[in-house]
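Step one of this worksheet: look at the structure below.
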Amino acid sequence: MLDSSSSILLQNLIQLSEPLKESLFKAQYTPPENHADVSIKSHLQSLLSSPTISDSGVRTKLKDFVLCCAALASASNSTSQHLSWVPGSLAIRAASAFKELSRAYYDDCMHAKCLMKVGELELDLSGVVESEKKLLIELMPEVLPYLKDKIKESAIDTSNENDGISAASARVPVAYAVLAAYQFRWFVTQVDAPYIGKLCPLGIPCSLTALDHWSPEVKGQGMISFIHLGKNVNAADIGGYTDAILDACCQNIASDDEIWHYVVEMSVLLVTLTQQNNPRSSWYEKMFNEILNHLERQPRNKQRRIAWLTHCEPLFNGLGLILLAHFRSLFPLFFKWMHADDDETVLLVLERMATVVRLTWIRNSLYIERLVDELVTLYKDAALKVAREDIRSHVLQILNLIRASRTPQFDATWLKYKDDPNLTALLPSFS
């Protein structure tokens, strides 16, 4: 026999499930050819409550409903073959249904409380206005370990030398790990500071499990989750997980193109967050060297260099003068990229180069003359580029920084250009 509170919750679950079940039924779905034995659609349908069910497992039905909503809502920005079939309207409807259920759940005086026991933590949620955020926090101790296990089912068993991708996929289809990773990412990214920091002991193990998986899709969702954590927690929240997280970042630097921008953003965020007061940290050096070594092997890969140049600024600022030790690897890449065909790369590399010069004053550097020469060449070549004005403005800024920091060397190098007719606009600045 259900108590009145559980009965009301069950009625709400059934009422909100029906429109989702109808939309799921109508959604066109064909399992991917390489996953013909898996039906994600049928799995999601099984998570929604039936009007004929009246047992006492209301809590399980609540969790299942939220997991279904998480999967459908996460499909709104998914390119995965396992979720791309979900219509945008259904993704929106699922997010709306979850919000409705959350409001109904906390309107009930049985659940309307400010102090909440989450695992071993007691959280004060008096500052949380959104009911949906409260419900996610309440469910995390039950849901996140479950999703972690679902991801791990198709992972490679590193303790078994005969285990590999084929064997792991044969045990459990990877589609379920992909689904769990998307559900996990949706759960985590709905909760922000300060509450997500308190939930790190629940979220981090699941994120690490996703990063350890062989599937790029699963890895990518784990990386997005870590990026969210990096933007919303402090170093103390991460605590004893620091080394494991940074090691996972380094292990994933060789990831596929499709997720490499996540690898870079995640790695930079987490190393600067956890090592911010220690520029001589071995993790800074290891991370920087791993990324540069990887880029040196693929210097013409536009996608990777733009990802790196977009996200590396905090890493440069964290290293400060220690950047001098990396000039031998860094500047050859800069010199290649500043003459790239695309303006986006050129502008990004000039911005990062200005940061490096500002942070280090390129003291005791053998690169001053070469840097001035390359900048002058770029200034001339910019005449044929769409972004020529922006490029030339950046070049002038860097030349001024070099001159301010190393005047004698700059002036000696500049002598060769003092009569160049193609630099008439620059000459007054350095005469």
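The values are calculated or read from the model by the stated rules, or taken from the named source; none is laboratory data. Just so we're clear, the structure is a prediction, and the values are computed from it rather than from any experiment. Ideal geometry is used to build each Cβ from the backbone, glycine not excepted, and the neighbour counts take in all protein chains shown. Note: areas computed on protein heavy atoms with side chains; ligands, DNA, RNA excluded. Shrake-Rupley method; radii C 1.70, N 1.55, O 1.52, S 1.80 Å.
Worth pointing out:
- Any chance residue 363 is touching a Cys at 6+ places or on another chain (Cβ under 7 Å) and either open to solvent by 20 Å² or more (accessible area, probe 1.4 Å) or touching a residue at least 40 places away in the same chain (Cβ under 8 Å) (or both): no
- Here is the figure for region 225-236: residues that are of a type in the set (A, V, I, L, M, F, W, C) and either part of a loop (DSSP other than H, G, I, E, B) or open to solvent by 30 Å² or more (accessible area, probe 1.4 Å) (or both) total 3.
- So residue 203, is it buried (at least 21 other Cβ atoms within 10 Å of the Cβ) and not polar (S, T, N, Q): yes
- Being touching a helix residue (DSSP H, G or I) at 6+ places or on another chain (Cβ under 6 Å) and of a type in the set (Lys, Arg) is a property that residue 219 has.
- Within the set 378, 401, 396, 426, the sole residue that is without any contact (Cβ under 8 Å) to a residue 40 or more places away in the chain and at negative phi turns out to be 396.
- Looking only at residues in region 237-280 that are within 18 Å of residue 311 (Cβ to Cβ), of a type in the set (S, T, N, Q) and part of a loop (DSSP other than H, G, I, E, B), the one that is modelled with the lowest pLDDT is 276.
- The residue of region 312-326 that is nearest to the chain's Cα centre (by Cα), among those that are aliphatic (A, V, I, L, M) and buried (at least 20 other Cβ atoms within 10 Å of the Cβ), is 315.
- Residue pairs meeting the criteria (Cβ under 6 Å; at least 6 apart or on separate chains; first within 17 Å of residue 216 (Cα to Cα), in region 63-90; second open to solvent by 40 Å² or more (accessible area, probe 1.4 Å)): 80/217
- Tally of residues being surrounded by fewer than 23 Cβ atoms within 10 Å (Cβ to Cβ) and small (Gly, Ala, Ser) across region 206-224: 1
- Screening region 1-18 for residues that are assigned to a helix (DSSP H, G or I) and open to solvent by 80 Å² or more (accessible area, probe 1.4 Å) and picking the one that is modelled with the lowest pLDDT gives 4.
- Selection from region 368-404 of residues that are outside any helix (DSSP H, G or I) and open to solvent by 40 Å² or more (accessible area, probe 1.4 Å): 386
- Filtered residues of region 405-429 (kept if buried (at least 16 other Cβ atoms within 10 Å of the Cβ) and part of a helix (DSSP H, G or I)): 405, 409, 410, 413, 414, 417, 423
- Cβ pairs under 8 Å, 6+ apart, first in region 147-158 and modelled with pLDDT of 85 or more, second open to solvent by 70 Å² or more (accessible area, probe 1.4 Å): 153/171; 154/171; 155/212
- Complete set of residues in region 19-43 that are more than 17 Å from residue 69 (Cβ to Cβ) and either surrounded by 13 or more Cβ atoms within 10 Å (Cβ to Cβ) or aromatic (Phe, Trp, Tyr) (or both): 29, 31, 32, 35, 38, 39
- Number of the condition not met by residue 304 [criteria: (1) open to solvent by 50 Å² or more (accessible area, probe 1.4 Å); (2) closer than 23 Å to residue 346 by Cβ; (3) of a type in the set (Lys, Arg)]: (1)
- Filter result (acidic (Asp, Glu) and closer than 24 Å to residue 392 by Cβ) within region 296-353: 313, 341, 342, 343, 344, 351
- Which listed residue, of 372, 395, 356, 376, is closer than 22 Å to residue 311 by Cα and over 29 Å from the mean Cα position of the chain (by Cα): 395
- Condition met for residue 193 (touching a Phe, Trp or Tyr at 6+ places or on another chain (Cβ under 9 Å) and either open to solvent by 40 Å² or more (accessible area, probe 1.4 Å) or closer than 20 Å to residue 69 by Cα (or both)): no
- Helices (runs of 4 or more DSSP H) completely within region 173-224 that count 3 or more residues being among the hydroxyl-bearing types (Ser, Thr, Tyr): 174-189
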